[in-house]
Amino acid sequence: MRRGGGAPQGESLATWAMWAVVLAMILVTYWRLDPDTRAATDDLYHVSGNGLAGGLSRVLVELDFPIAIVAVLLALIAIDAVPRRAWLVAGPAIALCAVVAWPGVVDQDDLDARWVNVVPALGVGLALALTIAAAQRAGGDVAGRLPLDAARIVVAVAVLLVSIPWIAAELGFFLPDGIFIMRRVAPDTDGSPIAAVHLGHHHGFDGSLVALSALLLSRPRLRAGRAATVTLVCVGVAFAYGIANCVQDTWNEQLVKRGTLDWKIPSAIYPKLAWIWLVIILLGAATALVLRREARRVDSPA
C-alpha cells in the first residue's frame, strides 16, 4: 500500500531479492567447489580461494561488479520517495558505488577480493538502506499495468532462456550438451583449455541480471523532473550494457566455441573506444527515449 509521496518500491525490493538469491548461489558454489580437486577445464575462473572464505570473497567482488552499478539505479529510485535530506545518504552511496569504475578495483583476471572492494560494497549497503526507508514511506507496491509490460516480459523470457547454462554453472554443475554446450573444452582468451561454460559465475549472467534489473526498475512511476529524466537515462544505459554483455558471452560460448562461427563479439565489460560501446550508447539512448514516451503516455493518457 502506498503510504506517502513518491514511487512505491515494489520493483526495487524485487530487484534486491533477485540479487540476494544470486549471492546465495555464488556463496554456496564457491564454498563447495575446491580449486585443488576440480579439473583445470572446469575452473571457477580466476579465483584461488576455497571454502567459506572463497565463497565470501567472490560474493564481495560481486557486490562491487555489477551490483554496485544496479545500486546506483536503486538509490536514484529511492530518493523519489524520501525527504530531500536523504541526499545526505544518497550522494555518498552513489559516490561509493562509482568507485567500482576506477581501473583495477575489479580485475577480471583476478577475482579474489581485496580491501578496496569493501568501498563499493559500502555504497551498496547505503543504497539498500535507502530502499528500505523509501519502502517504509511509500510502500512496497509495484506499478500498475504499463503499455510496455508485454515487451518487458518477452525480453525477460528471452534473457532467462539464454541464461540457462549460466544458472547451471552458478549452481555448480554441467548440463549435457544439446541446445547449449557447457563441458566441451575450448581455448580461453589466453589460449588455455577451459570448459565452454566453466563452473561458477559468468559476466554474461551479470549482463542478464543487469538487464533484468533495468526492466524491473523501468516500471516505477517517478515524479516528473530532472531526477526522473536522469534515472530513465541511467536505466536505459544499464539495460543496453546488460544486453550487450549477455549477447556477447552467449555468442562466444555457444556459437564460437561450438565451431559454428569464427567471428567473436568484442568484450563489453569495460568502457572503451570500440564499436560495441557505440552500440551500447545508441541502444541506451533509444531505450531511454522509449521509456520517456511510455511515462508521458501514462501520465497524460489520451
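Sub-9 Å Cβ pairs linking a first residue in the range 82-109 that is farther than 20 Å from GLU62 by Cβ and without any contact (Cβ under 8 Å) to a residue 12 or more places away in the chain to a second residue that is of a type in the set (Asp, Glu) and in a helix (DSSP H, G or I), at least 6 apart or interchain, number zero. Among residues of the range 241-269 that are without any contact (Cβ under 8 Å) to a residue 12 or more places away in the chain, those with a beta-carbon under 6 Å from a residue that is of a type in the set (A, V, I, L, M, F, W, C) and in a loop (DSSP other than H, G, I, E, B) at least six positions away or on a different chain give the pairs LEU255/LEU261. Counting the residues of the range 87-129 that are within 20 Å of HIS201 (Cα to Cα) and either of a type in the set (S, T, N, Q) or in a loop (DSSP other than H, G, I, E, B) (or both) gives 10. Against the test of being surrounded by fewer than 15 Cβ atoms within 10 Å (Cβ to Cβ) and either in contact with a Phe, Trp or Tyr (Cβ under 7 Å, 6 or more places away or on another chain) or over 15 Å from VAL159 (Cα atoms) (or both), the options GLY178, GLY172, GLY236 yield a single qualifying residue, GLY178. Based on this model, can you work out whether ALA14 counts as among the hydrophobic types (A, V, I, L, M, F, W, C), at pLDDT 90 or above, loosely packed, with under 14 Cβ neighbours inside 10 Å and within 23 Å of ASP64 (Cβ to Cβ)? For ALA14, the condition - among the hydrophobic types (A, V, I, L, M, F, W, C), at pLDDT 90 or above, loosely packed, with under 14 Cβ neighbours inside 10 Å and within 23 Å of ASP64 (Cβ to Cβ) - is not met.
Can you work out which of the residues in the range 110-163 that are surrounded by fewer than 16 Cβ atoms within 10 Å (Cβ to Cβ) and of a type in the set (Lys, Arg) is farthest from ARG221 (Cα to Cα)? So, considering only residues that are surrounded by fewer than 16 Cβ atoms within 10 Å (Cβ to Cβ) and of a type in the set (Lys, Arg), the one farthest from ARG221 (Cα to Cα) is ARG114.
When residues in the range 161-217 are screened for being under 25 Å from TRP31 (Cβ atoms), at pLDDT below 90 and among the aliphatic types (A, V, I, L, M), 2 of them pass.
For residues that are free of Cβ contacts under 8 Å to residues at least 60 places away in the same chain and closer than 26 Å to LYS264 by Cβ, scanning just the range 208-233, find the one that is surrounded by the fewest Cβ atoms within 10 Å (Cβ to Cβ). Even if it seems obvious, please write down each step before you answer.
Applying the first criterion (free of Cβ contacts under 8 Å to residues at least 60 places away in the same chain) to the range 208-233 yields 208, 211, 225-226, 233.
Okay, now just the ones that are also closer than 26 Å to LYS264 by Cβ, so 208, 211.
Numbers: SER208: 27, ALA211: 25.
This residue is ALA211.
Put simply, of ILE265, ILE280 the only residue that is part of a loop (DSSP other than H, G, I, E, B) and under 18 Å from ASP206 (Cβ atoms) is ILE265.
This table checks each residue for (1) surrounded by fewer than 22 Cβ atoms within 10 Å (Cβ to Cβ); (2) on the phi < 0 side of the Ramachandran plot; (3) modelled with pLDDT under 95.
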position: THR37; (1), (2), (3): yes, yes, yes
position: THR41; (1), (2), (3): yes, yes, yes
position: VAL47; (1), (2), (3): yes, yes, yes
position: ILE79; (1), (2), (3): no, yes, yes
position: ALA95; (1), (2), (3): yes, yes, no
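The values are calculated or read from the model by the stated rules, or taken from the named source; none is laboratory data. Being a predicted model, the structure only gives us computed values, none of them experimental. We place every Cβ from the backbone using ideal geometry, glycine too, and count neighbours over all the protein chains shown.
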